[in-house]
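In what follows, a single structure is set out as structure tokens and then discussed.
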Amino acid sequence: MEQNNFPVHIAIQMDGNRRWGKENRGNELEGHKEGAKTLRKIVDHCKDIGVKILTVYALSAENLKRPKEELAVHFGLHKDYIKKEILDSDQFVKNEVRFRVLGRKELLPKDEQELIKKAEEKTKNFSKFMFNVCLAYNGQDEIVDAVKEIIKKGIPKEKISREVIKQNLYTKDIPAPEMMIKTGMNPEKRISAFLLYDSAYTELFFTKTKWPGFTPEELDEMIKDYQGRERRFGK
């Protein structure tokens, strides 16, 4: 793929799992399982084509209010991914992939928190590719938590700047995404509180394709579209 004006960081909201499951398998929960397969394909493809950072929105804070049966599927898929792809495999180590979870991790089940901690520790020194997963996440909560950190540190108001706020976000050492993709959008268009602070000048992409049906080829087409855009940053 042409590397001119190539995105370093791509953020994806994986929407449409339940609708896909209902339409294609007669069961909403099956959509989450198929969506996990799609995620593996997209992660591998991003690494292969030269994307350096991929951030995905996997479970919002609001999603934690969903039925217990559905949440059990979510948590099970999270744990399965971490075990198979990171803890019981050397692929993340071989490929120098850093794994991180962004969000209020304390709201997740204790056993999942422990697996996340182990996975983050195992990969913390890698930087060739960064894979960030937003769980129990909301962009407004992220800003609230940043404000709390600033207060906790006793930073005087005259010292508070855009940079100081950034330094206290979950994404403090992650650059803003050049591209944000949201799947399953037809006809609505929204960013659903995803990376609110960081997405001020991010290029937005919406597709009616529901997440389980999203392909590397469609991602490539979006990247080509991005490469043809002019980013003026308000100038």
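Label positions at Ala200 and Lys224, each projected 7 Å from the Cα along the C-beta direction, are separated by 3.3 nm.
Pairs from the table (Lys94/Lys152; Lys148/Lys210; Lys128/Lys157; Lys105/Lys152; Lys41/Lys68) lying more than 30 angstrom apart at Cα are Lys94/Lys152; Lys148/Lys210; Lys128/Lys157.
Helix content alone sets the calculated 222 nm mean residue ellipticity of the chain: runs of n ≥ 4 DSSP H residues at -39500 (n - 2.57) each, divided across all residues, give -12500 deg cm²/dmol. More than 23 angstrom separation, counting every C-alpha pair in the chain; what % is that? The share of Cα pairs beyond 23 Å in the chain comes to 51 percent.
One Cα centroid belongs to segment 170-191, the other to segment 1-68; the line between them spans 11 Å. Of the GluC sites (Glu not before Pro) found in segment 140-204, those in coil by DSSP whose Cβ has at most 11 other Cβ atoms within 10 Å are Glu188. Need one word for segment 81-214: rounded, prolate or oblate. Basis is the Cα gyration tensor (sqrt eigenvalues a ≥ b ≥ c); a/c below 1.5 gives rounded, then a/b vs b/c decides. It is oblate, given that a/c is not under 1.5 and a/b is not larger than b/c. Rounded, prolate or oblate: pick one for segment 184-227, where a ≥ b ≥ c are the square roots of the eigenvalues of its C-alpha gyration tensor, a/c under 1.5 means rounded, and failing that, prolate if a/b is larger than b/c, else oblate. Oblate is the answer for segment 184-227, as a/c is 1.5 or above yet b/c matches or exceeds a/b. Within the shell defined by Cβ-Cβ distances under 12 Å, the residues around Lys41 carry a net charge of -2, with Lys and Arg each +1 and Asp and Glu each -1.
Counting only lysines at least 8 places from Lys153 when in the same chain, those with an alpha carbon closer than 20 Å to its own are Lys166, Lys172. For the chain, the residue among Leu64, Val51, Ala146 whose Cα projects farthest onto the positive side of the dipole built from Cβ charges is Ala146. Radius of gyration (Cα atoms) of segment 127-171, expressed as a multiple of 2.2 N^0.38 Å: 1.33. Taking a point 7 Å from the Cα of Leu71 along the Cα-to-Cβ direction, the residues of segment 94-124 with backbone N closer than 16 Å to it are 104-113.
Note on the chain: with a GNM built from Cα contacts shorter than 10 Å, the maximum mean-square fluctuation among Arg104, Arg18, Arg40 falls on Arg40. Here the Gaussian network model covers the chain, with springs between Cα atoms less than 10 Å apart; of Leu64, Leu169, Leu54, Leu64 fluctuates the most. Across segment 1-42, Cα-Cα distances exceeding 13 Å account for 60% of all pairs.
Note on the chain: with a GNM built from Cα contacts shorter than 10 Å, the maximum mean-square fluctuation among Arg162, Arg25, Arg100 falls on Arg162.
Students often get this wrong: which residues of segment 179-213 have the backbone nitrogen under 12 Å from the point 7 angstrom along Cα-to-C-beta of Ser127? Label zone hits: none. The relative contact order of the chain, computed from alpha carbon pairs under 8 Å that lie at least 6 residues apart in sequence, is 28 percent. Dividing the radius of gyration of the alpha carbons in segment 47-139 by their Kirkwood radius gives 0.97 for Rg/Rh. In this structure Thr202 has an accessible area near 20 Å², from a 1.4 Å probe over the protein heavy atoms. The H on the amide N of Gly16, modeled in the peptide plane, is under 5 Å from the matching H of Trp211, each at least 5 residues off or on a different chain. The local environment of Glu112, defined by Cβ-Cβ distances under 9 Å, has a net charge of +1 under the rule Lys, Arg +1 and Asp, Glu -1.
The values are calculated or read from the model by the stated rules, or taken from the named source; none is laboratory data. Remember, it's a predicted structure, so these values are computed and weren't measured experimentally. Note: ideal-geometry Cβ built from the backbone for every residue, glycine included; neighbour counts use all protein chains shown. Side chains are part of the model used for accessible areas, which takes the heavy atoms of the whole protein and leaves out ligands, DNA and RNA. Shrake-Rupley method; radii C 1.70, N 1.55, O 1.52, S 1.80 Å.
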